[in-house]
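Structure, as structure tokens:
The values are calculated or read from the model by the stated rules, or taken from the named source; none is laboratory data. Computed from a predicted model, the values in this text were never measured in an experiment. Positions of Cβ are backbone-derived with ideal geometry, glycine not excepted, and every protein chain shown enters the neighbour counts. The area values use the complete protein model at the heavy-atom level, side chains included, leaving out ligands, DNA and RNA. Shrake-Rupley method; radii C 1.70, N 1.55, O 1.52, S 1.80 Å.
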Amino acid sequence: MTLLALSVTALMALVLGVVWLRWRQAKRADYIRSFTFPHGLFQKVEARHPQLALKDHQLVAHALRQFFLAHLQSNRQFVSMPSQVADDLWHEFILYTRNYALFCDRAFGRFMHHTPAVVLGRNRQNNTGLRRTWWHCCRQENIDPRNATRLPLLFALDAKLNIAGGFHYRADCEGFRRQGDKDGSTGVVHCGGDMSDSSYDGGTDGFGDSSSSDGGDGGGDGGGCGGGGD
């Protein structure tokens, strides 16, 4: 076989490999979007949040799917959870051990570990994961992550459903902060605009980083999502 033929064969193999990876990524994303959570799961969440109606549970489920998609679209890198009520559903889902293990295998090809919901702070790993979640959730809803004029569902959910102890966000806090850091009805408000702010930990890792993409199926950091246990 000539050198030219070998080069063409290698190029074709590379193209086919990329096409296959994109196909698998798309299949996994479709699986996450259409996944039906186990029967009885929402009764567990209702015990924690009895004020939620059926339509509210559906909204929480959609937000959790958004989070799972962020993990997939970041090439299965570390992502942090920004919503308390979506985190509650995630935690209850994990307790359905066989269902959750099967879901993870089909959605990600490996187990996705649980970590509690967080906000930007001093923990650099959590901050990286939160910025990455923000980036991909914004992209899913055609929001500019750098100049958001509205919040993606996962970040708006706790305030929308008035979750006690939840995390309340605004897309842009510039005007709000001029009036003070507190909102009399919701308490502390966190800002989507802070995701590109390096003052929290000296960097903006995770915010549109080169390893976070809508395609591909890289190995990520090897720890699944969080990897820190419950």
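Looking only at residues of the stretch 27-52 that are aliphatic (A, V, I, L, M) and at pLDDT 95 or above, we find that the one that is nearest to ASP158 (Cα to Cα) is LEU52.
Residue pairs whose Cβ atoms lie under 7 Å apart, sitting 6 or more positions apart in sequence or on different chains, and linking a residue in the stretch 13-40 that is closer than 21 Å to ARG76 by Cα to a partner that is open to solvent by less than 100 Å² (accessible area, probe 1.4 Å) and at pLDDT below 95, are LEU21/GLY216; LEU21/ASP217; ARG22/GLY215; ARG24/ASP217; GLN25/GLY215; GLN25/GLY216; GLN25/ASP217. Contact map, the stretch 93-118: first residue free of Cβ contacts under 8 Å to residues at least 24 places away in the same chain, second residue surrounded by 15 or more Cβ atoms within 10 Å (Cβ to Cβ) and in a helix (DSSP H, G or I), Cβ cut-off under 6 Å, separation 6 or more or different chains; pairs are TYR100/PHE93; TYR100/ILE94. Of all residues assigned to the stretch 102-120, at least one qualifies as being among the basic types (Lys, Arg) and in a loop (DSSP other than H, G, I, E, B).
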